[in-house]
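Since every read-out is calculated from the coordinates, none of them should be taken as a lab result. Worth saying up front: this structure is predicted, and the values here are computed from it rather than measured. Cβ placement follows ideal geometry from the backbone for every residue including glycine, while neighbour counts extend to all protein chains displayed.
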């Protein structure tokens with residue numbers, strides 16, 4: 001869940017759902033945030049369009065290639081080679097039973113077969129751009145993407161269109177984390193030469209309004225189930241800040257300003273936020289107009305972003321919907337952390353006296369990335385600040401998805417090349433090995449569960465700590481359950497004939513702890529966690545992106561690219577094996 005390098009699509013170019021059509025050949029620019037920072041995977045149509053007399057040959061080749069890929073995926077369901085791919089990890093759940101339809105299982109098998117081909121994953125942005133620019137093939141490509149990757153990883157074209165999925169998830173005892181998956185392009189959004197939007201209804205404002213609309217959809221869905229009750233609400237909304245302002249460079253500039261002006265703490269880069277971080281936006285801090293990183297335009301845009309975020313959070317508070325603030329690259333994080341701290345202090349305080357407003361706390365969650373070296377110290381400082389200022393701390397703990405890009409960006413900076421990196425330190429902000437990240441994640445989760453225990457024992461009027469554990473890691477997931485039991489906030493009941501018992505979680509923990517995975521990925525883990533736990537409300541939540549196909553195409557590309565390291569470690573193979581076994585079980589019992 002991490003939420004996760006992101007492919008982005010330019011906010012100023014993408015059309016929102018109200019648009020009648022999306023002309024990719026004229027307007028789309030898709031980029032990949034690979035380790036070669038700044039590499040463009042696609043350019044405008046003027047550089048990719050083919051002469052009229054020469055497009056038939058690639059059309060035939062592409063059509064044949066696409067059909068061949070899908071044919072290979074389906075034909076291998078019963079092939080000896082695939083059947084030899086046994087899952088020899090005893091920690092995995094190898095059940096062949098599945099409530100999924102045969103068609104969805106076949107789709108999953110095809111998708112993860114394709115995700116197992118590294119060259120195809122790396123080429124995905126280029127292929128999508130090229131294919132969609134070819135007459136006839138463009139329609140075929142979009143159709144194939146919709147019935148495969150779109151249906152696998154995306155909840156629907158609109159927030160309201162995801163309601164059937166929300167119902168299906170709830171019937172399987174899972175919640176949902178909504179995410180409107182239109183994003184700005186990493187390079188377009190940070191280009192100083194980019195033209196300012198003149199529209200009376202700029203794209204980033206429409207995104208803000210769409211997020212507010214998604215809050216209403218989430219609240220209406222929960223109200224229909226819970227009749228307005230403040231507890232057990234498991235449809236939340238994710239917010240990505242880089243999509244909410246006209247130029248994401250403003251966030252980088254604020255981050256640079258904060259790194260230059262903050263009083264140092266023993267917290268590695270990207271540091272730790274202060275309550276005074278946003279003073280510069282409201283005239284309470286003198287702005288250096290002689291070459292400083294922040295311009296007057298930046299200040300205006302960031303102040304507007306802050307107010308839009310407050311508007312989103314106010315609506316969420318009124319409707320009882322939790323907001324999860326996504327983390328991004330380290331060059332955005334100081335600014336994101338500052339805004340996050342301000343929002344938590346404002347909205348995660350004592351509940352409103354208005355009894356018509358659901359008392360949902362913590363309302364705002366920030367994302368803590370375990371692959372950052374700062375995270376243990378940063379989490380400690382976050383605990384202290386929440387206790388000192390009497391607000392609920394909301395934590396989404398993830399491992400992080402930008403590791404190769406963070407390392408590559410610093411290398412480029414050291415070589416004197418153009419780079420996004422703004423760290424003043426000589427080493428990357430991320431741990432050097434996956435083992436260090438794993439130890440950091442597990443250490444943080446243990447600390448958080450102790451914090452949950454202490455919060456429950458304090459018998460306060462509202463939860464002062466809430467945690468969303470975003471993980472696809474089986475060991476960490478089992479550790480979460482065992483730590484809940486070990487700390488006495490849950491109990492394990494043995495089940496006859498089963499190796500593992502059921503972890504019974506009371507209401508106090510249910511309102512403070514949630515585990516999350518991406519929609520369309522690692523359903524075996526999600527289903528395992530549902531079976532292993534018993535609670536009054538769903539303990540498992542799926543991250544569900546939505547948006548029109550044209551808008552989420554970059555998300556679909558990055559879904560493969562940013563998780564290539566995960567997929568390469570066997571996840572794609574395991575998903576494929578699981579789907580194959582379920583297909584065989586459906587067909588032959």
If packing is taken as the average number of other Cβ atoms within 10 Å across a peptide's residues, how do 138-151, 242-255, 368-381 rank, most packed first? 242-255, 368-381, 138-151
For a label point 7 Å from the Cα of residue 427 along Cα→C-beta, name the residues of the range 374-408 whose backbone N is under 13 Å from it. 374-375
So for each of 122-129, 429-436, 548-555 I average, over its residues, the number of other beta carbons within 10 Å; can you give me the resulting order with the highest mean first? 548-555, 122-129, 429-436
Give me the extension gain from residue 380 to residue 418: residue separation times 0.36 nm, minus the current Cα-Cα distance, reported in nm with one decimal. 10.3 nm
Among the DSSP beta bridges whose two residues both lie in the range 449-581, what percent are antiparallel, rounded to the nearest 5? 30 percent
So for R0 = 41 Å, FRET eff. of residue 220-residue 436 from the Cβ-Cβ r, to 0.05, ends up at 0.40
Estimated inter-spin distance, residue 100 and residue 478, nm [label 7 Å along Cα→Cβ]: 2.3 nm
From Cα pairs below 8 angstrom and at least 6 apart in sequence, can you work out the relative contact order of the range 214-322, rounded to a whole percent? 38 percent
Can you tell me the length gained on complete extension of the stretch residue 295 to residue 307, counting 0.36 nm per residue apart and subtracting the Cα distance? 2.5 nm
Ordered by packing density, taken as the mean number of other Cβ atoms within 10 Å over each peptide's residues, highest first, how do 471-477, 500-506, 512-518 rank? 512-518, 471-477, 500-506
Would you mind calculating the relative contact order of the range 465-514 from Cα pairs under 8 angstrom and at least 6 residues apart, reporting the percent as a whole number? 41 percent
Pseudo-spin-label distance residue 494 to residue 276, built 7 Å along Cα→Cβ, given in nm, is 6.0 nm
